[in-house]
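The values are calculated or read from the model by the stated rules, or taken from the named source; none is laboratory data. Fair warning: this is a prediction, and the values are worked out from it, not measured in the lab. Don't worry about glycine lacking a Cβ; one is built from the backbone with ideal geometry, like all the others, and counts go over all protein chains shown. When the accessible area is computed, the model is the full protein with side chains, heavy atoms only, and any ligands, DNA or RNA have been set aside. Shrake-Rupley method; radii C 1.70, N 1.55, O 1.52, S 1.80 Å.
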Amino acid sequence: MTPPRPAPPQSVPVYRAAQLVATDGANMGDAVSFADELLLDDVYVLSYGADPQRLSLLASGTSSFEIAPDTEIGKPGALLHLDCALTFMTPDGQTTDAIMMVEVDENNDAEDVYIVPLSALSSKSEYRLVGIDTTNVHHKLAQVACVSFTRGTHITMASGQQRRIEDLKIGDLILTRGEGAKAVRWIGQSTMRAVGEFAPICITAGTLNNANDLIVSPDHRLFIYQREDHLGAGRAELLVKARHLVNGDTVRIQDGGFVDYFQLLFDAHHIIYAEGIAAESMLIDSRTMAVLPQELSDAMGDVILGHSDRRHEGLDVSEPLLNRPDAAELLRKASMR
C-alpha cells in the first residue's frame, strides 16, 4: 500500500514564549510556559516591539507536527507538540485565545516554546490568564486549519443551481471539477470572532471573475487554471491561498465582529465552485480531524484514501511569487479566454 503523502504546510503566527512575560502573580518575571507550570490569574505582557513570525508546520502524525522547510522560525524538520490552549482576558474584558507549541530535539527535550495567538496581541495591554485547556488544544488548531466558507456563499449544485451553503444538506450532490457530482458527507458549522487567524478574507465581485463577493477563511485555497502564465508559476493549474492575495482593495481582510464558518466534507478532497470560483473542499488530516464528530472520525479511520492520496499535490503557489499588489489581477487575466 502506498503510504499517504504529507498534507501541504500550514503557517501560523507565533511569538517565542520568552516574549510574553508575567508582570504580576505567582510566576512574576517568568515567561509563559507549559500548562503544568502555569497558574491562573497571572498577568502577562508582550515585549515591546515584538512582532509575530510565521511558523510553518506539516502534519506528521495523529498528535504531532514537523516544522516545514519554508518556516521563518524554528528548525526545519524538528518535531512540534501541542501542549495546551490558553485564554487571556484584557482589562476591558475582552478574551484572547492562544495555543502553546513545543519544539523538541532528537532526544525529545524542549528546544523552544511558541505561543500561537488566535487574535492579535499588543505590547500596550496586559493579559490575565483565565483558562488553561489541555483537552481541546487539537480542536483549537483544527478550527484554524480547516478551510471554510462563510454564511451566504453560493455553492454550485450538480444540477447547476446556485444554493446558499447554509441551505445544503448531507447527501446533496455538488458539482466538482473534473469528477462530476459528489455527495456531501458532512457539514460543519461554527461561529467565531472574526479576529486574527479567524478573520475571513473577502474576494470582491469581479476580482477573479466572480459575480458576487466570496468570503472564506484565510488559508482556503482557490483553484486557478491559467491559459497564460502571467504569474510565472511555470504551470497551468494553481492552488492559491486567499491570504496570499490580500491587497487591501479588491482582496481584503474582514476584521471585527463575528463570522459563521461552514466546512464541506466529501469522501475525497475535491475542487468545487463557490460564487463561481473554483475552491477546495475540506481536507482531512491530523490537523483537521479533531473538528469532526467522534463517531464520524472513528468511522473514517486514520487513512482516508480520497484525502491521503493528495490528488492536488504540487499545485500550491508559494507566497513570494504572490507578494505583489497585482497578483489577483494577473490571475484573473490568466484565467480568461
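Is there a residue being part of a strand (DSSP E or B), under 30 Å from residue 266 (Cβ atoms) and in contact with a Gly (Cβ under 7 Å, 6 or more places away or on another chain) anywhere in segment 116-130? No, there is no match, as no residue in segment 116-130 is part of a strand (DSSP E or B), under 30 Å from residue 266 (Cβ atoms) and in contact with a Gly (Cβ under 7 Å, 6 or more places away or on another chain). The number of residues in segment 79-111 being assigned to a strand (DSSP E or B) and either more than 22 Å from residue 9 (Cβ to Cβ) or among the hydroxyl-bearing types (Ser, Thr, Tyr) (or both) comes to 9.
Take residue 145 and decide whether it is closer than 30 Å to residue 115 by Cα, open to solvent by less than 10 Å² (accessible area, probe 1.4 Å), aliphatic (A, V, I, L, M) and in contact (Cβ under 8 Å) with a residue 24 or more places away in the chain. No; evaluated as a whole, the condition is false for this residue.
When segment 114-131 is filtered for residues that are open to solvent by 60 Å² or more (accessible area, probe 1.4 Å) and in contact with a helix residue (DSSP H, G or I) (Cβ under 6 Å, 6 or more places away or on another chain), only 120 remains.
Against the condition within 19 Å of the chain's Cα centre (by Cα) and modelled with pLDDT of 95 or more, how does residue 86 come out, does it pass? Considered against the rule, which asks whether it is within 19 Å of the chain's Cα centre (by Cα) and modelled with pLDDT of 95 or more, residue 86 comes out as yes. Exactly one residue out of 168, 173, 222 is among the hydrophobic types (A, V, I, L, M, F, W, C) and touching a residue at least 60 places away in the same chain (Cβ under 8 Å), and it is 168. Listed by position, the strands (runs of 3 or more DSSP E) contained in segment 162-218 that have at least 1 residues being surrounded by 19 or more Cβ atoms within 10 Å (Cβ to Cβ) are 173-176, 180-183, 186-193, 201-203, 214-216. Does segment 318-337 hold any residues that are at pLDDT 80 or above and touching a strand residue (DSSP E or B) at 6+ places or on another chain (Cβ under 7 Å), and which are they? Within segment 318-337, 322, 328, 331 qualify.
For segment 97-107, the criterion of being of a type in the set (Asp, Glu), open to solvent by 40 Å² or more (accessible area, probe 1.4 Å) and in contact with a helix residue (DSSP H, G or I) (Cβ under 8 Å, 6 or more places away or on another chain) is met by at least one residue.
Restricting attention to segment 148-161, the residues that are touching an Asp or Glu at 6+ places or on another chain (Cβ under 6 Å) and surrounded by fewer than 17 Cβ atoms within 10 Å (Cβ to Cβ) total 1. The single residue among 250, 288 that is surrounded by 22 or more Cβ atoms within 10 Å (Cβ to Cβ) and either of a type in the set (Val, Ile, Thr) or modelled with pLDDT of 90 or more (or both) turns out to be 288.
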